[in-house]
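The values are calculated or read from the model by the stated rules, or taken from the named source; none is laboratory data. Keep in mind it's a predicted model, so treat the numbers as computed, not measured. Because the Cβ atoms are built from the backbone with ideal geometry, glycine has one as well, and the counts that use them run over all protein chains shown. Just so you know, the surface numbers come from the protein's heavy atoms only, side chains and all, with ligands and any DNA or RNA stripped out. Shrake-Rupley method; radii C 1.70, N 1.55, O 1.52, S 1.80 Å.
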Amino acid sequence: MTDPIGPTMAGGHQPIDSEDGYRALFYPDANNYELMREGKNPVYYWVPDQLRIARHGGEKGDYKFSLLRFAGGAGAVKPTVGGVLGLTTTGSIPAAAMERLQKKLIEKITSTSSNNGLWNPQGREPMFRPVTLLASTASISDLKFTQTGLRHFVQDKKTKKFEFRTSGMLGKGNREKIVKGPTKKDEGIGDWYWVLQGAGAASMDPTSEHAFTALLGRGPAAILYDTFKGASTVIYAGLVMDLQMWTPKIELSVKGEWKKIYDHFSAHANAHNLWTSADIRYQLNHTDLKGKISVEISPIGSFPGSADIAKYLRDKSDLVLDRFTQEAQRIIFDPAPVDETAAEASSSGAGASPWGVAFALKKRIDETELDLAYKETMQFSHVQQTVVSSSLQGLLHAMATEENAEGKYFPSVNLDDWPKELARTTAPIASWQTKLFHSLSVQIGYPDKSGALLWKNHVFTAPNSSTELENWTYTVFQKAEHEVENPPAGWKPDRTFVKRAIHFNEPDPYDEFHIRRITVPEGMLQLDKGDNGTPLNDSIVEVRAQSNTIMAVPVHFRGVLKENQEAELTVQAVDEKNQPIGEEARFYADAANLRQPRSWTLCPAPSPSHRYQYKVTVYDWSDGSEWGSKRPTISSGPLRAPILPKNSQNVTFRFRERQK
């Protein structure tokens, strides 16, 4: 029996637009042809193909957008003019719009895709699901000068309006003058000041909301005010999504002669004689090594469009690269020395190789007559990166139709007319889906007349959904220095004291897939040291759970286990001299749960380098044998633990003694 496995790029994708401006990309399930042969409904997956400005309370609510313009300080040497931009983007598609998109897709593929077995629904009612994200990163275009001078703004001498233009390299002195912030007391923030917060790792749900805040100088504030009210905008939001894609069931055959392959790599060896996945990929695709290796990819069975799918998969170099390198590490490659591997990884991206490190070509090979003969029937997943970039024009229609849109979306304040009020907007930033954090807390204090700090606090917990973004604002009237007796150390009238903390969930001792060592006192990590915390004059305060004091390592097994085999991974932190620190953690895997995501978390991190050593041992219960790597491997970052074959030259092999 066949079940849906996930979307595939092999059958192409279908971009669909709705009449009301929504757009989505649809992909077929890799098993659709087999599903329909068994009388089941086909499955299609979707991902949004545009970003919009989010609204409060649905499609009829106000936009989550504000350009607060401020001016004042007439008595200063230079008046302060600028603003604060706050906006929230989203990829969500309302249910009614999604229903229309799905209907248009069915109409399109029914009439045009009868020659593609993955798309033709054959009269059955399709099922729709969102695409699974492995990671996502949100961004928004900034409005500041760059070192290359390719993106900048100028004021037209006749119209006096600021415009977005392109030019050559800016002079060093001019560039520093434009982008710098205040450096002296009572100095303004600068005409072209731009500091954006909110860009970075985003939710695993592509339809969730993502908030941005920017502090602006006069130039960006004027441009945004003019362009958001005009016919177009220079602000673009982006979302880079890593999608998990699958291939249909295929038969892969790789043939060649190792002697010729070895001679080729010897002739093209680089200066250090180290090979990364990028180096090997280049040799496979861009040199005459193609003539020394033959590759055949055939979809299992015959169905409409199978020839095009085979061609797509043949051009997918990562498939051949992965299988070739698994065989090559046994015949023509040796592991590189640890120090050389680290240097190579830092300069040429060796961390992306199938082993996670670079490998060295052997001095010679003894098996000169052996042939490369690899054949496998399989179905595999790979990561497909998709970029969504949209011009944020969703506000333009509202500006022309809504009442009081000017005051609602473009408020202004004169700094000369109001009491000096300090406002601290705090926002929690945490990967709640990891289940590592119980809550985040913040305390903000400001002195009374006697100098004693008066504290207010707030606790952030995991939101109920990815669209329920939370922040908390603390406000207090600013005092002059002479109004406070015995002020606390480090205090200035514009500074508040902040104490932030991370509160961890209790580790589950029965969770063998997620091993945690939380050794901070009372399960809480203080981000600001001292009794009074950190004095800050920032109006936007992040309570960020991602700290250098947390060592979080995703763990993945790489390789294959048979039914009667089990893999044991031991992992332990090391210091700068590669000496073990603390306790070992152990992970186990068998054929059934080999692909189960695992994680290893230490808090606080034993060393600043966040490095560790690991070793994989394989137990074969059918014949009582075991084998593992000869020595622990030093690494950092995500752990991709390789399961080496028993006949590999890089393992020790033995039979265990039977118990009497």
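Within the range 511-530, restricting attention to residues that are assigned to a loop (DSSP other than H, G, I, E, B) and modelled with pLDDT of 85 or more, the residue that is farthest from SER439 (Cα to Cα) is GLY530.
Which of the residues spanning the range 435-463 are out of contact with any strand residue (DSSP E or B) (no Cβ under 7 Å at 6 or more places or on another chain) and either surrounded by 13 or more Cβ atoms within 10 Å (Cβ to Cβ) or not basic (Lys, Arg) (or both)? Explain how you work it out, then say what you get.
So in the range 435-463, the residues out of contact with any strand residue (DSSP E or B) (no Cβ under 7 Å at 6 or more places or on another chain) come out as 435, 449-452, 462-463.
The answer is LYS435, SER450, GLY451, ALA452, ALA462, PRO463.
Only a single item in (1) at negative phi; (2) open to solvent by 20 Å² or more (accessible area, probe 1.4 Å); (3) small (Gly, Ala, Ser); (4) free of Cβ contacts under 8 Å to residues at least 24 places away in the same chain is not met by GLY61, and it is number (2).
Considering the conditions (1) under 34 Å from the mean Cα position of the chain (by Cα); (2) modelled with pLDDT under 80, SER302 is excluded by exactly one of them, (1). When the range 603-636 is filtered for residues that are more than 22 Å from GLU566 (Cβ to Cβ) and open to solvent by 20 Å² or more (accessible area, probe 1.4 Å), the ones remaining, listed by number, are PRO604, ALA605, PRO606, PRO608, SER609, HIS610, ARG611, ILE634, SER635, SER636. Exactly one residue out of LYS577, LYS562 is within 26 Å of TYR619 (Cα to Cα), modelled with pLDDT of 90 or more and part of a loop (DSSP other than H, G, I, E, B): that is LYS562. When LYS615 is tested against (1) of a type in the set (Lys, Arg); (2) part of a loop (DSSP other than H, G, I, E, B); (3) over 15 Å from GLN326 (Cβ atoms), exactly one condition is not met: (2).
Open to solvent by less than 30 Å² (accessible area, probe 1.4 Å), polar (S, T, N, Q) and in contact with a Lys or Arg (Cβ under 8 Å, 6 or more places away or on another chain), is that true of THR570? The answer is yes for THR570.
Matching residues to (1) on the phi > 0 side of the Ramachandran plot; (2) over 30 Å from the mean Cα position of the chain (by Cα); (3) outside any helix (DSSP H, G or I); (4) at pLDDT 75 or above:
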{"site": "LYS177", "(1), (2), (3), (4)": "no, yes, no, no"}
{"site": "THR183", "(1), (2), (3), (4)": "no, yes, yes, no"}
{"site": "THR207", "(1), (2), (3), (4)": "no, no, yes, yes"}
{"site": "PHE212", "(1), (2), (3), (4)": "no, no, yes, yes"}
{"site": "GLY219", "(1), (2), (3), (4)": "no, yes, no, yes"}
{"site": "LEU224", "(1), (2), (3), (4)": "no, no, no, yes"}
{"site": "LEU239", "(1), (2), (3), (4)": "no, no, yes, yes"}
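Among the numbered criteria (1) on the phi < 0 side of the Ramachandran plot; (2) open to solvent by less than 60 Å² (accessible area, probe 1.4 Å); (3) touching a Lys or Arg at 6+ places or on another chain (Cβ under 8 Å), which single criterion is violated by ASN578? Every listed condition holds for ASN578 apart from (1).
How many of the residues making up the range 19-33 are more than 11 Å from ASP49 (Cβ to Cβ) and either free of Cβ contacts under 8 Å to residues at least 40 places away in the same chain or small (Gly, Ala, Ser) (or both)? The total comes to 2. Annotation: GLU506 fulfils all but one of (1) open to solvent by 30 Å² or more (accessible area, probe 1.4 Å); (2) assigned to a loop (DSSP other than H, G, I, E, B); (3) closer than 16 Å to GLY445 by Cα; (4) not aliphatic (A, V, I, L, M); the unmet one is (3).
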